[in-house]
Amino acid sequence: MIGGVTLPIMLVVAAVCPCPPLLVPEVAAGAAAEMDVARAACTDAVGVLAAARPDRLVVVGPAEQSGRGTYLEGTRGSFRGFGVDVDVRLGRTGHAEAEVAAPAASQRSLPPSLAVAAWLLQRTGWSDAPIEGLGVGEPLAAERCIQVGRDIAAGPERVALLVMGDASACRTLKAPGYLDERAAPFDAEVARALGAADVAALKALDTELASELKASGRAPWQVLAGAAEGTDLAGALLYEDAPYGVGYVVATWS
């Protein structure tokens, strides 16, 4: 509320996707087929974003820094660090706006989570709205994440969010974080909250537990929760599984 006037919440749609580089078939190589179902669900989720015809798309994903960093349309990313010659760009290929933004963005590279998002958007031929990226540090406090989301949704534009992040990395003995018996219940609650568009539950996620379980999506999900305050978006869970012992969730809010 500003000057006694209640401003409309302009988040109109959101999609939640996991961000393992293994979603990119060239990175997964011989195991690419194992991610086919997750990949298809992500494609469907991006389609829901496009169908809403937003004025602006904000892509949010985990990053290493403790705060937050913005990435202009046109910022490039790469999967060369994973041994494959695959480059991506956050932007609408062939659009003049992205070409103009690209030189200003050329000094920064997308973090892996946003590179995966850029790959998904390129794969689906996104051309519906300008894009900007936001990397949120995994240690960022819940209150700050929620405020970031509120700020995103506070403008006059109809905003869409593509929220990248993984659940726990401790579901099996061979998982990156080894087996932790708390991981499956944590992931089940995350999947339930994301599938139900449960803003209160996402706000209340245990940040310490999420960190111990190596859940990279905690901060981005809480950004989503802040952006969705006061909306009546309905959630749909499109995918939930834990290949490689890491929890992956795909959901839409529309």
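The values are calculated or read from the model by the stated rules, or taken from the named source; none is laboratory data. Note that the coordinates shown come from a computational prediction; the quantities given were computed from them, not determined experimentally. As a convention, Cβ positions derive from the backbone with ideal geometry for all residues, glycine included, and neighbour counts pool all protein chains shown. The accessibility values were calculated without ligands, DNA or RNA, using every heavy atom of the protein model including side chains. Shrake-Rupley method; radii C 1.70, N 1.55, O 1.52, S 1.80 Å.
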Considering only C-alpha atoms, what is the centroid distance from the range 37-73 to the range 123-162, in Å? 8
Quick query: amide H of residue 13 versus all other amide H atoms, modeled in the peptide plane; which residues come in under 5 Å with a sequence gap of 5 or more or a different chain? 161
Helical segments meeting 15 Å axial Cα length and Kyte-Doolittle -0.5 threshold in the chain (DSSP H): 36-51, 112-123, 142-153, 183-196
GluC sites (Glu not before Pro) within the range 12-74: DSSP coil, no more than 13 neighbouring Cβ in 10 Å: 64
Can you order the peptides 51-63, 121-133 by their average number of other Cβ atoms within 10 Å per residue, highest first? 51-63, 121-133
Here are labelled values, (i) 54, 41, 32; (ii) 71, 43, 37; (iii) 59, 39, 30, and one is the computed Cα extents along the principal axes in Å for what I pasted. Which one? (i)
According to the square roots a ≥ b ≥ c of the eigenvalues of the Cα gyration tensor, what is the shape class of the range 129-218, taking rounded for a/c under 1.5, prolate for a/b larger than b/c otherwise, and oblate for the remainder? prolate
Do you know the relative contact order of the chain, to the nearest whole percent, from alpha carbon pairs under 8 angstrom that are 6+ apart? 28
How much area per residue is accessible in the chain when the probe is 1.4 Å and only protein heavy atoms are counted (Å²)? 43
Measure off, as a whole percent, the carbon and sulfur share of the 1.4 Å-probe accessible area of the chain, all protein chains present. 54
Compute the FRET efficiency between residue 127 and residue 44 as 1/(1 + (r/R0)^6), taking r as their Cβ-Cβ distance and R0 = 25 Å, and round to the nearest 0.05. 0.90
Only Cα pairs within less than 10 Å get springs; with that Gaussian network setup on the chain, which residue of 68, 182, 150 has the largest fluctuation? 182
